[in-house]
Amino acid sequence: MFKNSLLLIAAVTATAQAQGTETPAPAPAPAPMPATGGDAFQKGTMGVTFALDLTSALGNVSLGEPVPTIGFAYFLSENAAVRLNAGLNVHKEQVTNNATPPMTSDTTVVGFAVGAGYRMYKPVKVGKVHPYLEPAATIAWPDTSQSATFLLGVGAQFGVECQLADWFSLSGGLGAALDFTNSFKDIRFATASTLSANLYWH
């Protein structure tokens with residue numbers, strides 16, 4: 001009986017020692033953090049752009065009334081977006097001519113403008129600041145009653161877009177454009193600047 005008890009104690013002790021020398025299982029890897037989804041710079045994001053300055057209106061101011069526009073954006077990827085601009089201007093007014101005596105008449109000016117650009121964001125960004133390069137083309141007709149005011153323009157702009165919130169940003173740029181008017185008889189090359197507010201959703 002005593003011998004059996006010694007054998008039982010020895011077996012229990014050996015089992016305990018064997019269990020103590022086993023290598024512990026590695027801790028599970030931490031689960032990846034879920035994407036917040038708050039960054040507007042991703043494929044499928046859409047947005048609207050509102051110009052904050054008069055110089056960004058499409059069309060040559062010297063041709064008549066500028067046409068205020070609203071911009072639309074669609075992101076093809078986190079580094080590229082297609083941007084469209086469109087606007088309409090209808091202005092009814094009374095005009096007094098130089099006749100003797102002066103005669104007053106009603107007139108209505110109708111104008112429109114459309115434009116398209118391809119904005120390429122630099123992969124390198126500083127915090128919430130995204131630099132970009134954007135070539136663009138423009139068709140504008142500030143006064144449809146005069147064929148000389150029809151404008152075709154091409155240009156490019158370099159700027160930065162700063163995210164103030166996940167879905168709101170301010171953008172500003174400097175560039176130049178080449179405009180053709182009056183059946184390509186008038187050619188104008190000039191610098192331009194823009195300042196805009198952008199609202200995005202996904």
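Read-outs throughout are calculated quantities, based only on the coordinates presented, and are distinct from any laboratory measurement. What you see is a predicted model; the values in this text were computed from it and never measured. Cβ coordinates were reconstructed from backbone atoms using ideal geometry, including for glycine residues, and neighbour counts include every protein chain displayed.
Within the stretch 61-99, name every residue whose backbone N is under 15 Å away from a label modeled 7 Å from Cα of MET46 along the Cβ vector.
71-76, 82-85
Enumerate the calculated ³J(HN,Hα) couplings along the stretch 43-50 in order (Karplus 6.51 cos²θ - 1.76 cosθ + 1.60, θ = phi - 60°), each rounded to whole Hz, writing x wherever the residue is Gly or Pro.
4, x, 5, 10, x, 10, 10, 10
Please give the peptides 185-195, 132-142 ranked by average Cβ packing (other Cβ atoms within 10 Å per residue), highest first, as a rough proxy for protection. Before the final figure, lay out each step's value.
On the way: 185-195: 12.6, 132-142: 19.2.
For the peptides 185-195, 132-142, the packing ranking is 132-142, 185-195.
For the stretch 100-107, what does the Karplus curve 6.51 cos²θ - 1.76 cosθ + 1.60, with θ = phi - 60°, yield as ³J(HN,Hα) per residue in whole Hz, taken in order and with x for Gly and Pro?
Values, residue by residue: 10, x, x, 10, 10, 9, 8, 9 Hz.
Which far-off residues, 5 or more places away or on another chain, put their amide H under 5 Å from the one on THR69, with H placed in the peptide plane?
The list, which skips near neighbours in sequence, is LEU58.
Starting from the Cα-Cα distance between ILE139 and ASP39, subtract it from 0.36 nm times their residue separation and give me the gain in nm to one decimal.
On the way: separation 100, 0.36 × 100 = 36.00 nm, distance 3.25 nm.
That works out to 32.8 nm of additional length.
List every residue whose amide H lies under 5 Å from the amide H of GLN157, counting only residues 5 or more places away in sequence or on a different chain, with H placed 1.01 Å from N in the peptide plane.
Residues meeting the criterion, in which the H sits 1.01 Å from N, are GLU134.
From the phi angles alone, apply the Karplus equation (6.51, -1.76, 1.60; θ = phi - 60°) to the stretch 170-182 and give each ³J(HN,Hα) in whole Hz, x where the residue is Gly or Pro.
10, 10, x, x, 10, x, 8, 9, 10, 10, 10, 9, 6
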